[in-house]
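One structure is given below, encoded as C-alpha cells.
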C-alpha cells in the first residue's frame, strides 16, 4: 500500500486587513469530508465591508455545494453564472481558488482570476503550471498535482503579490518575487501555519507595516497523522486497573493523563513516580505533574472542564499557560485521539452533585468538540 494514502491534509491561513479598513475583503473556508478536504479562497473586488460580503458569499456558496458532493464542474458553472461583473472596471466582483485534496495527496485546483499556486517541496519552490478553458464565456484555470509527504501547496490573494507596490517595490512583489523570497527567507517551517506566518511577515515588511491591500496566504501541508492517548478516571472494577493502564501505555503517540488519582494508579502499575510541578498552579487550574515517559499530567475534572470551555468558546490562541491550555495544545496537535475513561464515580464530586457522572459528561463534550475539528476520536470506557 502507498504510504501517501495515510497522509493528513493540514491547512494554515493568515490574513492582513488593508490599512484603514476594519474588515478583510478576502475570505477563506475549509470543508472536511471523510473522503476529501476542500479549501476555498475568494478575493472581493476592492476592500472593506463590500468586498468582504462578496468574497464571503462566494466561499459560502462553494463550501455548501462541495459539502453536498456537487461535482466541481457544476460548482464552477454555478459560480461563474452567478457572480456579477463591475460595469465600470469590467471585473468580476470576486475571484476564487478552489482546492480539492484527497488523502493520497492528489490535488485538483480550479481558479477564476486567481493567482498561480506555488509548491514547496524539500527546499524546491515551484509555480504550478495551469491550463485554461472557457466556462460560460469566462476563463477558468485548472491544474492537477500530486503532493507527497511533507510537501506544501501555497495559494494567496493578490495582496501578497502586490506587497510593496509603489513603496518598496515599483511593481510589487509579484509571483516571481514571492518564489524568490520563499527560496531565500522561508526556512524551518514545521507546519502549514508556520509557512503562511512567514509569507505574511515578508509581505508586511514590504508594506512597511501598512498593508496597501487585503492580504491572504493559505497553505496546505501533507503529513503523516499525529496520534495521542489520554487516560482519565479509574475503572469501576479495581481488577481492570492494570489492563486499562497497559492499553493506554501501549497505544501509539503522545501520552496524556488527566486526574491526580489516575496518575497515582498509573504510577503504581508502571513502577514510576509522580512529581508535582509547584510553579504551575494558577487561579483557574490546579498544577500539573510529571511522570517519566508521559508527555502531560494534569488534574482531572477542573482542568478538563476548563479545556472543554476553551474549545466551546473557540478560544484556542493567546491563552495563559496552565494545565488546561497545555491539554488543549496537545489535543489540537493530534489528528487521532484515543481516550481511556474510567467510569468509577469520584466520591468527592458525588457529594457535590449526586448522580452526576461528571467525567463521563466531560469526555462526551470533549469528544464532540474534537470531532467538530476533524479529529478522529475513539473512547474506551472501563
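The values are calculated or read from the model by the stated rules, or taken from the named source; none is laboratory data. Quick caveat: nothing in here was measured; it's all calculated off a predicted structure. Positions of Cβ are generated from backbone atoms using ideal geometry, with glycine treated the same way; all protein chains shown enter the neighbour counts.
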Test for residue 154: is it within 28 Å of residue 24 (Cα to Cα), in contact with a strand residue (DSSP E or B) (Cβ under 6 Å, 6 or more places away or on another chain) and part of a strand (DSSP E or B): yes
Qualifying residue in the stretch 257-274 (condition: touching a strand residue (DSSP E or B) at 6+ places or on another chain (Cβ under 8 Å), surrounded by fewer than 20 Cβ atoms within 10 Å (Cβ to Cβ) and free of Cβ contacts under 8 Å to residues at least 24 places away in the same chain): yes
Residue, surrounded by the fewest Cβ atoms within 10 Å (Cβ to Cβ), within the stretch 342-364, restricted to residues that are closer than 23 Å to residue 239 by Cβ and at pLDDT below 60: 350
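Table: residues versus (1) more than 21 Å from residue 106 (Cβ to Cβ); (2) touching a helix residue (DSSP H, G or I) at 6+ places or on another chain (Cβ under 9 Å); (3) surrounded by 21 or more Cβ atoms within 10 Å (Cβ to Cβ).
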site	(1), (2), (3)
119	no, no, no
134	yes, no, no
141	no, no, no
169	yes, yes, no
178	yes, yes, yes
201	yes, yes, no
Residues (touching a helix residue (DSSP H, G or I) at 6+ places or on another chain (Cβ under 7 Å), closer than 25 Å to residue 222 by Cα and in contact (Cβ under 8 Å) with a residue 40 or more places away in the chain) located in the stretch 322-339: 327, 331, 337
All positions within the stretch 106-117 that are in contact with a helix residue (DSSP H, G or I) (Cβ under 8 Å, 6 or more places away or on another chain) and within 19 Å of residue 196 (Cβ to Cβ): 115, 116
Unique residue being free of Cβ contacts under 8 Å to residues at least 24 places away in the same chain and under 24 Å from residue 364 (Cβ atoms) when the list is 319, 301: 319
The stretch 228-245 residues that are free of Cβ contacts under 8 Å to residues at least 40 places away in the same chain and in the same structural domain as residue 268 (by TED's automatic domain parsing), paired with ones that are surrounded by 17 or more Cβ atoms within 10 Å (Cβ to Cβ) and in a strand (DSSP E or B) (beta carbon under 9 Å, 6 or more apart): 245/231; 245/340
When residues of the stretch 116-148 are limited to those that are in contact with a strand residue (DSSP E or B) (Cβ under 6 Å, 6 or more places away or on another chain) and assigned to a loop (DSSP other than H, G, I, E, B), the one farthest from residue 74 (Cα to Cα): 147
So residue 91, is it assigned by TED's automatic domain parsing to the domain that holds residue 182, more than 17 Å from residue 217 (Cβ to Cβ) and at pLDDT below 90: yes
